[in-house]
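J.: Encoded as structure tokens, here's the structure I'll be asking about.
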Amino acid sequence: MSQSYETLLLERRDRVAIITINRPDKRNALNIKTREEGAAVMEELRADDSVGVVVITGAGDKAFIAGADIAEFAGRTALTQRAVMVSRSLFNAIDTFPKPIIAMVNGYCLGGGCEVALACDIRIASENASFGQPEINLGIIPGGGGTQRLTRLVGEGKAMEMILTGEIIDARTAFAIGLVNHVVPLDQLETKTMEIANRIADKGPIAVSLAKEAVKIASRSNLDEGLRREVDLFALCFSSEDKDEGVNAFLEKRKPAFKGK
Ligand code: COA
């Protein structure tokens, strides 16, 4: 039984869970409640073995997430702001989530919204989507990982330009610089996203989770350390029944039936 949430919707389709940030009137801006509920829903889905892949999107046809709720910034002290960011880090909840997360970007993907997408594993955008880190226009800087994850994903020059100018780029440009994996017409966004999500959800959950862990190590360690960790995680797959099932299914020329064991 799912918890109920005020600011987001949760839907399950087979092994894929879809989280929809549901504040369309505010372009799905992240207020404290949304961050709290976002972190809570990640906890719920982490513990749910029936869920293999998570998709995050925004309600309505205008925005994925238009950033942090700017109204909440007014009058906030440095210490209050820091406490909010540390105790309710949606970005951290996404970053440390053990199953794949796909950002289905259906419109404005700005500031904290772009940082949510960056914390996800795969980003798929509709043609009308736009991306940016416009914090500089408010006299602040990205605080949800933007300076670090955007730089790792698209390189220092492009990240620097986006962060220093606050420029908003369109989906095609985001694709060209490697910020998104695919760009599709808005009416095909869900189909394309679910196709990729289902393809991953069909694999063995243990291998998927270990593969995700191994890939994430690449941007957080040097090559020797990363290669060592990869060997360990590879060997760990050999402790699973899924590895026996996958290998036997290949040898017996049949489709594997993975159990996540
Ligand atoms: N925080 C709080 N409220 C936001 C918001 C945000 N990040 N983004 C949009 N909203 C609110 C607007 O204040 C407006 O509320 P209102 O109807 O009560 O006045 C509502 O959402 C609709 O926004 P509007 O600007 O009228 O919509 P639009 O479609 O013309 O423009 C954006 C959309 C996203 C381009 C524009 O709202 C914008 O620039 N938002 C701020 C983006 C930003 O700087 N994000 C980084 C924050 S750190």
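J.: Rolling a 1.4 Å sphere over the protein heavy atoms, what is the accessible area per residue of region 177-259, to the nearest Å²?
T.: Values: 5480 Å² over 83 residues.
Per-residue accessible area for region 177-259 comes out at 66 Å².
J.: Using the per-residue mean of other Cβ atoms lying within 10 Å as a proxy for protection, in what order, highest first, do the peptides 104-115, 171-182 fall?
T.: Ranking the peptides 104-115, 171-182 by packing returns 104-115, 171-182.
J.: Nearest 500 deg cm²/dmol is fine: what mean residue ellipticity at 222 nm does the chain get from its DSSP H runs of n ≥ 4 alone, each adding -39,500 (n - 2.57), divided by its residue count? Working shown, then result.
T.: Details: 11 runs with 117 residues, N = 261.
Taken over the chain, the calculation gives -13500 deg cm²/dmol.
J.: Give the residue list of trypsin sites (Lys or Arg not before Pro) in region 60-105 that are DSSP loop and have at most 13 other beta-carbon atoms within 10 angstrom. Intermediate values should be presented prior to the final figure.
T.: On the way: sites: K62, R76, R82, R88; in loops: K62, R76, R88.
Hits after loop and neighbour filter: R76.
J.: If you don't mind, there's one more thing I want to ask. Just the projected area, averaged over all directions, of the convex hull on the alpha carbon atoms of region 179-261: how many nm²?
T.: If I average the Cα hull's projected area over directions, I get 7.3 nm².
J.: Further, regarding this structure: Does anyone have the angle between helix 241-251 and the longest principal axis of the chain? Alpha-carbon axes, 0 to 90°, nearest 10?
T.: 60
J.: If you put +1 on each Lys and Arg Cβ and -1 on each Asp and Glu Cβ, how big is the dipole of the chain around its Cα centre, in Debye rounded to 20? Display every interim value, and only then the final one.
T.: Details: 33 positive and 36 negative charges, 34 e Å.
Result for the chain is approximately 160 debye, rounded to the nearest 20.
J.: Given that compact globular proteins tend to follow 2.2 N^0.38 Å, what is the ratio of the alpha-carbon Rg of the chain to that value?
T.: That works out to 1.04 for the chain.
J.: How big is the Kirkwood radius of region 1-137, worked out from every pair of different alpha carbons and given in Å to one decimal?
T.: In region 1-137 this quantity evaluates to 14.9 Å.
J.: Based on the Cα gyration tensor of region 128-218, what are the three equivalent ellipsoid semi-axes, each the root of five times an eigenvalue, rounded to whole Å and given largest first?
T.: Over the Cα atoms of region 128-218, the ellipsoid semi-axes are 28, 19, 11 Å.
J.: Next question, about the same structure. Counting DSSP beta bridges in the chain, what percent are antiparallel, to the nearest 5?
T.: Here the antiparallel bridges make up roughly 30 percent for the chain.
J.: Right, next: What full-extension length gain, to one decimal in nm, is calculated for R152 and N31 as 0.36 nm per residue of separation minus the Cα-Cα distance?
T.: Here the answer is 40.9 nm.
J.: Another question about this same structure. Compute, for region 1-147, the length of the dipole vector about the Cα centre, with Cβ point charges of +1 (Lys, Arg) and -1 (Asp, Glu) only. Units Debye, rounded to 20.
T.: Result for region 1-147 is approximately 180 debye, rounded to the nearest 20.
J.: Let me ask something else. Using label points projected 7 Å from each Cα along Cα→Cβ, tell me how many nm separate A40 and E225, to one decimal.
T.: Placing both labels 7 Å beyond Cα along the Cβ direction yields 3.6 nm.
J.: Can you find, among N248, A211, G144, the residue farthest towards the positive end of the dipole of the chain? Put +1 on the C-beta of Lys and Arg, -1 on that of Asp and Glu.
T.: Most positive-ward Cα: N248.
J.: Excluding K243 itself, calculate the net charge of residues whose Cβ lies under 13 Å from the Cβ of K243, where each Lys or Arg counts +1 and each Asp or Glu counts -1.
T.: -1
J.: P(r) tail for region 11-62, what percent of Cα pairs lie past 14 Å?
T.: On the way: 711 of 1326 pairs.
Counting pairs separated by more than 14 Å, the tail of P(r) holds 54 percent.
J.: At 1.4 Å probe radius, can you tell me the per residue accessible area of region 84-143 in Å²?
T.: 30
J.: Treating the Cα atoms of region 35-111 as identical point scatterers in vacuum, please give the log10 of the normalised Debye intensity I(q)/I(0) at q = 0.11, 0.22 Å⁻¹, two decimals.
T.: -0.35, -1.12
J.: Could you pull out the GluC sites (Glu not before Pro) across region 176-261 that fall in loop regions by DSSP (anything but H, G, I, E, B) with no more than 14 other Cβ atoms inside 10 Å? Working shown, then result.
T.: On the way: sites: E190, E195, E213, E225, E230, E241, E245, E252; in loops: E252.
For GluC sites (Glu not before Pro) across region 176-261 that sit outside H, G, I, E and B with at most 14 neighbouring Cβ atoms in 10 Å, the list reads E252.
J.: If you wrap region 83-194's Cα atoms in a convex hull and average its projection over all directions, what's the area in nm²?
T.: Across all orientations, region 83-194 yields a mean hull projection of 6.9 nm².
The values are calculated or read from the model by the stated rules, or taken from the named source; none is laboratory data. Because the structure is a prediction, the values reported are computed rather than measured. When we count neighbours, we look across all protein chains shown, and the Cβ atoms used for this are built from the backbone with ideal geometry, even at glycine. Surface areas here come from the heavy atoms of the whole protein model, side chains and all, with no ligands, DNA or RNA. Shrake-Rupley method; radii C 1.70, N 1.55, O 1.52, S 1.80 Å.
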